[in-house]
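**Student:** Input: one structure, supplied below.
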Amino acid sequence: MEWIIVAKCDECREEETFEVESDAPPYSIGDQIDTCKCGGKFIVDEILELE
């Protein structure tokens, strides 16, 4: 399965989208997955399954 992960920075609200291939959702809503260039943390905001 392929998943689209939408994450937003908790400081500047910049948004990043990741495409991940996995049998189950690779993250949960609220997971911290990366660091933003502003120093904030990218937090998973939305998980979409591609069919």
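The values are calculated or read from the model by the stated rules, or taken from the named source; none is laboratory data. All figures in this text were calculated on a predicted structure; none of them were measured in a lab. Positions of Cβ are backbone-derived with ideal geometry, glycine not excepted, and every protein chain shown enters the neighbour counts. We work out accessible area using only protein heavy atoms, side chains counted, and drop any ligands, DNA or RNA first. Shrake-Rupley method; radii C 1.70, N 1.55, O 1.52, S 1.80 Å.
**Student:** Would you mind getting me the FRET efficiency between L50 and R13? Use the beta-carbon distance for r and R0 = 25 Å, nearest 0.05. Don't jump to the answer; show the numbers that get you there.
**Tutor:** Working: r = 25 Å, r/R0 = 0.99.
Working from the Cβ atoms, E equals 0.50.
**Student:** Sum up the charges of everything whose Cβ sits under 15 Å from the Cβ of E15, counting Lys and Arg as +1 and Asp and Glu as -1, but leave E15 out. Before the final figure, lay out the partial values.
**Tutor:** Working: positive: K8, R13, K37, K41; negative: D10, E11, E14, E16, E19, D34, D45, E46.
Result for the neighbourhood of E15: -4.
**Student:** Using the heavy atoms of the protein chains alone and a 1.4 angstrom probe, what is the accessible area of the chain per residue in square angstrom?
**Tutor:** Values: 3480 Å² over 51 residues.
With the other protein chains kept in place, the chain gives 68 Å² per residue.
**Student:** Further question: Keeping the other protein chains in place, figure out the carbon and sulfur percent of the accessible area of the chain, with a 1.4 Å probe. Can you show the working numbers first?
**Tutor:** Numbers: 1440 of 3480 Å².
Summing carbon and sulfur atoms, their accessible area is 42 percent of the total for the chain.
**Student:** May I pose another question? Starting from the alpha-carbon convex hull of the chain, give the projected area averaged over all orientations, in nm². Walk me through the numbers on the way to the answer.
**Tutor:** Details: hull surface 12.3 nm².
With the hull built on Cα positions only, its mean projection is 3.1 nm².
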